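Working notes, beginning with the structure itself.
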Amino acid sequence: MSVFPGFARATVVVALLSIATASSASEGETLYALNCSGCHGRDARGMPPQIPDLRASLPLLLSTAAGRGYALRVPGVAMSIATQQQVRTILNWMLPALIPGGERYTPFTLAEVATARRSPLTDPESARALLLDDGYGDPR
């Protein structure tokens, strides 16, 4: 019999909570690695101009409602096999993890993701050129 009967049980609960928290925190990172890093790279640098550097372009895009919609409607997001929840998890993980100052942006909602993904962009380069003057949006 233990001198501290509740101690072992409390230790197990704390350990399980720690694992759950770590899993939640890394879910976005894992989903990003599986769904986005193949093109944008693990650090979101991309290969400009063909594949945008998300660290540079997302802060500009997320500053307007139209830019937020664009980010959700690009083909890689709108037509991804990721679920709405997974897309939201990826984007909301990316904000503070990969985007300088990303914690200041409003997290994406499930409704916002679902609505925007219903109408994927057919010409993302032209749409980007209308939103940004970053040298990568010029239509070719």
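Residues are listed down the side, and each one gets a yes or a no for (1) outside any helix (DSSP H, G or I); (2) surrounded by fewer than 14 Cβ atoms within 10 Å (Cβ to Cβ):
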| position | (1), (2) |
| --- | --- |
| Val77 | no, no |
| Ala82 | yes, no |
| Gln86 | no, no |
| Thr89 | no, no |
| Leu95 | no, no |
| Pro100 | yes, yes |
| Thr122 | yes, yes |
| Arg128 | no, no |
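Suppose we filter the stretch 22-55 for residues that are buried (at least 18 other Cβ atoms within 10 Å of the Cβ), at pLDDT below 90 and part of a helix (DSSP H, G or I); how many remain? Qualifying residue count, the stretch 22-55: 0.
Among the residues making up the stretch 102-116, a single one is part of a helix (DSSP H, G or I) and hydroxyl-bearing (Ser, Thr, Tyr): Thr115. Taking the residues in the stretch 57-71 that are modelled with pLDDT of 90 or more and among the small types (Gly, Ala, Ser) as candidates, determine which candidate is surrounded by the most Cβ atoms within 10 Å (Cβ to Cβ). Among them, the one singled out is Ala71.
The values are calculated or read from the model by the stated rules, or taken from the named source; none is laboratory data. What you see is a predicted model; the values in this text were computed from it and never measured. Every residue, glycine as well, gets a Cβ built from its backbone with ideal geometry; the counts of neighbours run over all protein chains shown.
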